[in-house]
Amino acid sequence: MMHEPEPALKKAMNLLKELSEDEEFRQQYEARQKFLRDQVSMMEGAREEGLKKGMEEGIQKGIEEGEAESKRKIAMNMLNLGLDQETIVKATGLTSAEVKAIQQEK
């Protein structure tokens, strides 16, 4: 007693039969498959490039934020030691306005 094959299997069997019988159809099928693989490859490459760029930008932003926070802490310590604003600006690279803002937070 034979039963009807699963729809996906039946579809694959029909495709295989068409491919083996018609050379032009097979070439079209192979060209389509190549196109689809190329599309997937391009999308994967673009995704990887985007991830890499995002990581680089994130790392750079983290470094910049860390440096800024470090300068602020140094300026705060210098203010606590009683150093003048001009010296703090020269030592930290912060602007006069930034030092004033830190002084007001204190």
Item checked: Selection within the stretch 1-38 - in a loop (DSSP other than H, G, I, E, B) and surrounded by fewer than 10 Cβ atoms within 10 Å (Cβ to Cβ) -> MET1, MET2, HIS3, GLU4, GLU6
Item checked: Given (1) under 35 Å from the mean Cα position of the chain (by Cα); (2) modelled with pLDDT of 95 or more, number of the condition VAL89 does not satisfy -> (1)
Check: Are there any pairs with C-beta distances below 6 angstrom linking a residue in the stretch 48-71 that is within 27 Å of GLU98 (Cβ to Cβ) to a residue that is of a type in the set (A, V, I, L, M), with the two at least 6 apart or on different chains, and if so which?
Finding: LYS71/LEU94
Margin query: Residue pairs, Cβ under 6 Å, 6 or more apart or interchain, first in the stretch 91-103 and over 13 Å from LYS73 (Cβ atoms), second open to solvent by less than 70 Å² (accessible area, probe 1.4 Å) and part of a helix (DSSP H, G or I). List them.
Written below: SER96/VAL89; GLN103/LEU79
Note to self: Given (1) out of contact with any Gly (no Cβ under 9 Å at 6 or more places or on another chain); (2) surrounded by 10 or more Cβ atoms within 10 Å (Cβ to Cβ), identify the lone condition not met by LYS71.
What the structure shows: (1)
Check: Is there a residue being over 30 Å from ILE102 (Cα atoms), in a helix (DSSP H, G or I), open to solvent by 70 Å² or more (accessible area, probe 1.4 Å) and touching a helix residue (DSSP H, G or I) at 6+ places or on another chain (Cβ under 9 Å) anywhere in the stretch 39-46?
Finding: no
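The values are calculated or read from the model by the stated rules, or taken from the named source; none is laboratory data. Computed from a predicted structure; not experimentally measured. Neighbour counts are summed over all protein chains in view; Cβ atoms, including those assigned to glycine, are modelled from backbone coordinates with ideal geometry. Accessible surface is based on the protein model in full, side chains and every heavy atom, while ligands, DNA and RNA are left aside. Shrake-Rupley method; radii C 1.70, N 1.55, O 1.52, S 1.80 Å.
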